[in-house]
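This structure is in structure tokens; I'll ask about it shortly.
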Amino acid sequence: MENLEQKKYAAGSIKVLKGLEAVRTRPGMYIGDTNINGLHHMIYEVVDNSIDESMAGYCDTIDIELTNEGSAIITDNGRGIPVDIHPTENISAATVVLTVLHAGGKFDKDTYKVSGGLHGVGVSVVNALSKKLVLNIKRDGKLHRQEFAEGIPKSDLEVIKTTNKTGTSIEFWPDDTIFEITKFDREILAKRFKELAYLNPKITINFKDQRDGFKESYHFEGGLESFVTDMNKSNPVSKAVSFSGGEDDVVVDFALLYNETYSENLLSFVNNIKTPDGGTHEAGFRAGLTRAITNYITANANAREKDTKITGDDIREGLIAVVSVKVPEPQFEGQTKSKLGSSYVKPIVQKITFEVLCKYFEENPNEAKAIMNKALLAARGREAAKKARDLTRKKDNLNSVGTLPGKLADCQSKDPSESEIYLVEGDSAGGSAKQGRDRVFQAILPLRGKILNVEKSRLDKILKSEEIKNMITAFGCGIGDEFDASKLRYHKIIIMTDADVDGSHIQTLLLTFFFRFLTPIIENGNVYLAQPPLYRYKKGKKEIYLKDEKALNEFLIETGIENEDFEGIGNNDLIDYLKLISAYRSVLNELKKRFNLLSAIRYMIENPDIISKDFKELFEIIKTELETQNYNILNSYVNEDEIRIYVQTPNGLEELIINDTLFVNPLYIEAVHIYSKMRERDIDLNGDPLEVLENIEKNAKKGAYIQRYKGLGEMNPDQLWETTMNPENRRLLKIDVKDMQSASDIFELFMGDEVEPRREYIQAHAKDVKHLDV
């Protein structure tokens with residue numbers, strides 16, 4: 001290993017390719033989009049620089065913090081960005097890195113042999129797209145600081161104080177004039193940081209979210225082996241193993257295991273950058289894996305099994321794998337680096353994968369046989385599925401639409417781009433849909449009961465399900481090896497179910513089938529959920545349909561104030577204010593599910609200044625308030641961290657607990673935020689706002705009939721057409737998958753065989769349920 005001291009990282013290591021003006025004009029070219037993905041890409045770019053320092057051997061800790069003010073702080077203990085004067089730019093090298101596109105140590109092979117931030121645009125783009133950025137560098141015994149706004153320096157790089165530490169810290173505030181959303185999603189970020197910790201076993205990543213007090217640290221000594229073990233949610237067929245190899249400055253690491261499921265779960269990375277669209281490294285791994293296992297089967301299977309034809313798909317059934325390569329100068333497709341294009345990487349990965357697996361199979365015959373038997377079982381299942389498909393082609397079985405048990409009512413149009421098919425729950429709703437539809441372009445396929453849960457079944461069993469065979473035949477695009485998206489007969493496949501538990505279950509079963517076996521129709525945007533209205537309001541001749549509870553509440557507000565007179569308050573101001581009160585009430589109702597004595601909590605929300613008092617003072621205030629509300633206090637306890645008050649209520653004994661867990665709860669924070677907006681309006685309704693709102697809603701309900709629809713069969717054909725099927729009025733929810741891996745994990749968690757992980761998830765998130773139909 002080279003002596004790290006000889007690698008001098010200074011201003012001369014920073015190479016410059018000019019031009020930053022286009023970043024704010026066309027941000028999507030640099031970060032993908034200006035929505036949630038682009039927003040998070042800003043953090044990833046900064047973190048990737050710290051990871052590069054780690055891969056170079058200089059950094060072992062990265063701290064990431066999301067603040068209440070909307071900024072993100074990324075700090076590492078690396079060498080610190082060079083601060084001396086750049087040899088060609090005549091300004092500090094740190095300023096160059098932050099303000100010049102294509103400036104960084106990644107273009108100098110002596111500085112970083114491999115890096116994720118290849119293009120060098122990362123941190124300068126982050127700066128350009130931030131309304132404010134603060135840079136702190138600990139280096140050469142000093143703490144240096146510089147501020148920027150929209151990519152422009154607002155101060156020189158200044159020495160603040162002395163320090164014996166090294167590292168770089170960047171805090172940035174995304175520019176809300178550029179980004180459609182500026183609120184970071186902690187779960188998405190945590191997943192990425194966890195991946196980085198798996199890929200870099202020597203590093204520790206500390207993640208903190210000030211907004212709700214969340215703290216987690218990620219450090220995995222087991223590396224990729226731990227990664228695939230944690231990815232697995234089913235019974236393993238083989239144990240997790242990891243391998244390493246290298247050739248021509250390309251380092252290849254991969255880990256794999258097999259489980260009892262029927263799908264493949266493969267993640268790939270290049271220089272720590274996730275490549276969701278794969279590339280040459282994935283192709284090399286798959287080719288090497290297929291060759292190693294087919295060779296083993298040829299040499300070790302019995303005579304009957306040797307005749308079984310094995311394909312790459314058979315070998316990947318039940319595979320969980322992570323492939324990570326380190327490449328000196330990778331060629332990606334696009335700045336967001338979703339696919340590796342370097343052709344020379346494939347043969348290297350293929351060769352290393354084949355060689356190390358062949359050796360492993362020789363030394364571990366039990367594991368090798370388990371993997372071999374899994375592949376042979378998959379091949380036999382594929383053959384059975386082929387026979388099932390051949391049966392479905394028989395004219396008297398499926399190709400004649402008129403003989404379908406589900407009675408497909410096809411549309412007259414033969415143009416797929418204008419044709420749509422409704423998958424309708426039950427014959428009753430199917431009958432209404434058939435009568436209410438526009439038969440020119442709308443087809444109806446009623447589904448009887450719940451379809452098979454395909455997450456627990458192989459294709460041969462799935463093709464024995466009548467409901468699934470009916471759908472495949474109606475769609476016309478085939479399934480499995482014979483899938484052909486160009487033959488899809490309807491470019492809108494619309495799932496229309498009741499708004500109850502059974503309806504939601506049917507939606508989920510159908511989406512599981514589409515995701516696992518007809519993935520391209522989801523990726524192409526062909527699948528939709530119908531959104532029938534939940535409510536019908538009828539008063540005299542007035543009849544209106546409302547999509548959900550929020551729409552109902554807002555309608556009741558607008559209707560309820562028609563005959564009311566609130567002196568000095570404009571009608572629009574009053575409606576806006578009452579909608580705020582309605583939102584406030586909704587959050588309070590959610591808080592009520594989690595905490596006792598809501599009236600006391602509401603008092604704290606509406607008097608936010610008392611939170612600044614210590615717990616002993618706060619206790620006296622809350623105690624007085626409870627007594628004012630005529631509660632009988634039985635016992636109490638207070639220290640510097642917590643208040644506990646035991647109160648006798650009409651519902652029995654209740655315990656009020658006040659501590660930091662309450663104050664950082666997202667619902668509590670949201671309630672304080674909404675109430676502060678209410679106070680800003682400075683509107684006096686002459687009474688408790690919640691009671692005034694309730695009286696207004698009572699006025700709107702007087703003499704009215706409000707119907708909540710649970711079943712589509714409750715609507716007559718005209719109503720179903722007008723509310724749910726008429727393209728001019730209907731609401732459709734397009735099914736889109738932002739992260740295929742996350743979606744796959746969710747389907748496996750909720751629809752797979754393993755009960756325990758599902759139970760744990762439900763128990764952990766039970767109080768987060770907003771819509772429960774029991």
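The values are calculated or read from the model by the stated rules, or taken from the named source; none is laboratory data. Here the structure is a predicted model, which means the values were calculated and not measured. Note that we place each Cβ from the backbone using ideal geometry, even for glycine, and neighbour counts take in every protein chain shown.
Return the only residue of LEU662, LEU626, LEU656 being among the hydrophobic types (A, V, I, L, M, F, W, C), in contact (Cβ under 8 Å) with a residue 40 or more places away in the chain and assigned to a helix (DSSP H, G or I).
Working: LEU626 fails: in contact (Cβ under 8 Å) with a residue 40 or more places away in the chain; LEU656 fails: assigned to a helix (DSSP H, G or I).
Answer to the check: LEU662.
Yes/no per residue for (1) at pLDDT 90 or above; (2) surrounded by fewer than 22 Cβ atoms within 10 Å (Cβ to Cβ); (3) among the aromatic types (Phe, Trp, Tyr):
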{"residue": "VAL96", "(1), (2), (3)": "no, no, no"}
{"residue": "VAL114", "(1), (2), (3)": "no, no, no"}
{"residue": "GLU147", "(1), (2), (3)": "yes, yes, no"}
{"residue": "THR162", "(1), (2), (3)": "yes, yes, no"}
{"residue": "SER169", "(1), (2), (3)": "yes, yes, no"}
{"residue": "ASP175", "(1), (2), (3)": "yes, yes, no"}
{"residue": "ALA190", "(1), (2), (3)": "yes, yes, no"}
{"residue": "TYR198", "(1), (2), (3)": "yes, no, yes"}
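Then there's this: Suppose the filter is out of contact with any Ser or Thr (no Cβ under 8 Å at 6 or more places or on another chain), assigned to a helix (DSSP H, G or I) and not polar (S, T, N, Q); does LEU667 pass it?
Here the answer is yes, as LEU667 does meet what is asked.
Now, a different point. Among the residues of the stretch 490-531 satisfying the criterion of being buried (at least 16 other Cβ atoms within 10 Å of the Cβ) and of a type in the set (Gly, Ala, Ser), which is farthest from SER744 (Cα to Cα)?
ALA499
Still on this structure, please answer the following. For a quick check of your reading of the model, give me the residue pairs whose first member lies in the stretch 246-262 and is farther than 14 Å from VAL323 by Cβ, whose second is among the polar types (S, T, N, Q) and in a strand (DSSP E or B), with beta-carbon atoms closer than 9 Å and at least 6 apart or on different chains.
ASN259/ASN265
Sticking with this one: Consider the stretch 175-218. How many of its residues are among the charged types (D, E, K, R), under 25 Å from ALA671 (Cα atoms) and within 18 Å of the chain's Cα centre (by Cα)? Step through it out loud before you land on a result.
Going residue by residue through the stretch 175-218, those that are among the charged types (D, E, K, R) are 175-176, 180, 183, 185-187, 191-192, 194-195, 202, 208-209, 211-212, 215-216.
With the extra rule that they be under 25 Å from ALA671 (Cα atoms), the set shrinks to 176, 180, 183, 185-187, 208-209, 211-212, 215.
Filter again for within 18 Å of the chain's Cα centre (by Cα), leaving 180, 183, 185-187, 209.
Selection size over the stretch 175-218: 6.
How many residues does the stretch 57-101 contain that are out of contact with any helix residue (DSSP H, G or I) (no Cβ under 8 Å at 6 or more places or on another chain) and part of a loop (DSSP other than H, G, I, E, B)?
Residues meeting the conditions: 10.
I would also like to ask the following. Can you tell me which residue is surrounded by the most Cβ atoms within 10 Å (Cβ to Cβ) among those in the stretch 229-246 that are among the small types (Gly, Ala, Ser) and assigned to a loop (DSSP other than H, G, I, E, B)? Break it down into steps so the answer makes sense when it comes.
Narrowing the stretch 229-246 to residues among the small types (Gly, Ala, Ser): 234, 238, 240, 242, 244-246.
Cutting the leftovers down to assigned to a loop (DSSP other than H, G, I, E, B) gives us 234, 238, 240.
Details: SER234: 18, SER238: 20, ALA240: 22.
Among them, the one singled out is ALA240.
Is the stretch 515-524 home to any residue that is in contact (Cβ under 8 Å) with a residue 60 or more places away in the chain, within 28 Å of ASN716 (Cβ to Cβ) and touching a helix residue (DSSP H, G or I) at 6+ places or on another chain (Cβ under 7 Å)?
There is no residue in the stretch 515-524 that is in contact (Cβ under 8 Å) with a residue 60 or more places away in the chain, within 28 Å of ASN716 (Cβ to Cβ) and touching a helix residue (DSSP H, G or I) at 6+ places or on another chain (Cβ under 7 Å).
Kindly check whether there is at least one residue in the stretch 421-435 that is surrounded by fewer than 21 Cβ atoms within 10 Å (Cβ to Cβ), modelled with pLDDT of 90 or more, in contact with a Lys or Arg (Cβ under 6 Å, 6 or more places away or on another chain) and under 21 Å from PRO727 (Cβ atoms).
No, the conditions are met nowhere in the stretch 421-435.
Got a number for residues in the stretch 30-56 being out of contact with any helix residue (DSSP H, G or I) (no Cβ under 9 Å at 6 or more places or on another chain) and buried (at least 24 other Cβ atoms within 10 Å of the Cβ)?
2
Give just the number: which of (1) in contact with a helix residue (DSSP H, G or I) (Cβ under 8 Å, 6 or more places away or on another chain); (2) touching a residue at least 60 places away in the same chain (Cβ under 8 Å); (3) assigned by TED's automatic domain parsing to the domain that holds GLY426; (4) not β-branched (Val, Ile, Thr) does ALA485 not satisfy?
Just one mismatch for ALA485, condition (2).
Right, another one. Since GLU694 meets every condition but one in (1) at pLDDT 90 or above; (2) within 30 Å of THR67 (Cβ to Cβ); (3) more than 31 Å from the chain's Cα centre (by Cα), which condition does it not meet?
The one condition GLU694 does not meet is (2).
Just to be sure I understand the filter: pairs with C-beta atoms under 6 Å, separated by 6 or more residues or on different chains, first member in the stretch 352-363 and under 16 Å from ASP253 (Cα atoms), second member part of a helix (DSSP H, G or I) and of a type in the set (Lys, Arg). Which pairs pass?
What qualifies is PHE354/ARG291.
Residue check: is PRO727 under 15 Å from TYR422 (Cβ atoms) and touching a residue at least 12 places away in the same chain (Cβ under 8 Å)?
On the way: under 15 Å from TYR422 (Cβ atoms): yes; touching a residue at least 12 places away in the same chain (Cβ under 8 Å): no.
No; evaluated as a whole, the condition is false for this residue.
This table checks each residue for (1) modelled with pLDDT of 85 or more; (2) among the hydrophobic types (A, V, I, L, M, F, W, C); (3) crowded, with 22+ Cβ neighbours inside 10 Å.
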{"residue": "ALA299", "(1), (2), (3)": "yes, yes, no"}
{"residue": "PHE332", "(1), (2), (3)": "no, yes, no"}
{"residue": "GLU355", "(1), (2), (3)": "yes, no, no"}
{"residue": "PRO365", "(1), (2), (3)": "yes, no, no"}
{"residue": "LYS369", "(1), (2), (3)": "yes, no, no"}
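Is there any pair with a first residue in the stretch 268-295 that is over 12 Å from LYS339 (Cα atoms) and a second that is hydroxyl-bearing (Ser, Thr, Tyr) and assigned to a loop (DSSP other than H, G, I, E, B) whose Cβ atoms are under 9 Å apart and which are 6 or more apart or on different chains, and what are they?
Within 9 Å, the pairs are ASN271/SER115; ASN272/SER115; THR290/THR311.
Looking at the stretch 559-580, which of the residues that are buried (at least 16 other Cβ atoms within 10 Å of the Cβ) and under 19 Å from LYS698 (Cβ atoms) is modelled with the lowest pLDDT?
It comes out as PHE566.
Only one of (1) within 30 Å of VAL46 (Cβ to Cβ); (2) polar (S, T, N, Q); (3) under 25 Å from the mean Cα position of the chain (by Cα); (4) not in a helix (DSSP H, G or I) fails for SER226. Which number is that?
The failed condition is (4).
For the stretch 535-555, enumerate the residues that are aliphatic (A, V, I, L, M) and free of Cβ contacts under 8 Å to residues at least 40 places away in the same chain.
Looking only at the stretch 535-555, we keep the residues that are aliphatic (A, V, I, L, M), and these are 544, 546, 551-552.
Answer for the stretch 535-555, where residues must be aliphatic (A, V, I, L, M) and free of Cβ contacts under 8 Å to residues at least 40 places away in the same chain: ILE544, LEU546, ALA551.
Which count do you get for residues in the stretch 334-353 that are polar (S, T, N, Q) and surrounded by fewer than 17 Cβ atoms within 10 Å (Cβ to Cβ)?
Step one: list which residues in the stretch 334-353 are polar (S, T, N, Q), which gives 335-336, 338, 342-343, 350, 353.
Then drop every residue that is not surrounded by fewer than 17 Cβ atoms within 10 Å (Cβ to Cβ), which leaves 338, 343.
Residues meeting the conditions: 2.
Moving on. Where residues in the stretch 296-318 are touching a helix residue (DSSP H, G or I) at 6+ places or on another chain (Cβ under 8 Å) and hydrophobic (A, V, I, L, M, F, W, C), which of them is nearest to LEU340 (Cα to Cα)? Full working, then the answer.
Within the stretch 296-318, the first condition is being touching a helix residue (DSSP H, G or I) at 6+ places or on another chain (Cβ under 8 Å), and the residues that meet it are 296-298, 300-301, 305-306, 308-318.
Right, trim to hydrophobic (A, V, I, L, M, F, W, C) and you get 297, 301, 310, 315.
Values: ILE297: 31, ALA301: 36, ILE310: 28, ILE315: 23 Å.
Looking at the filtered set, the residue picked out is ILE315.
Do we find a residue being free of Cβ contacts under 8 Å to residues at least 60 places away in the same chain, of a type in the set (D, E, K, R) and not assigned by TED's automatic domain parsing to the domain that holds SER432 anywhere in the stretch 752-765? Before you say what the answer is, go through the steps one by one.
Within the stretch 752-765, the subset free of Cβ contacts under 8 Å to residues at least 60 places away in the same chain is 755-756, 758-765.
Next cut, of a type in the set (D, E, K, R) only: 756, 758-760.
If we keep only those that are not assigned by TED's automatic domain parsing to the domain that holds SER432 as well, we get none.
No: zero hits.
Still on this structure: If you go through the stretch 33-49, how many residues are at pLDDT 90 or above and either of a type in the set (S, T, N, Q) or assigned to a loop (DSSP other than H, G, I, E, B) (or both)?
Residues in the stretch 33-49 being at pLDDT 90 or above and either of a type in the set (S, T, N, Q) or assigned to a loop (DSSP other than H, G, I, E, B) (or both): 0 in total.
Looking at the stretch 457-476, is at least one residue without any contact (Cβ under 8 Å) to a residue 60 or more places away in the chain and in contact with a Lys or Arg (Cβ under 7 Å, 6 or more places away or on another chain)?
The answer is yes, given that some residue of the stretch 457-476 is without any contact (Cβ under 8 Å) to a residue 60 or more places away in the chain and in contact with a Lys or Arg (Cβ under 7 Å, 6 or more places away or on another chain).
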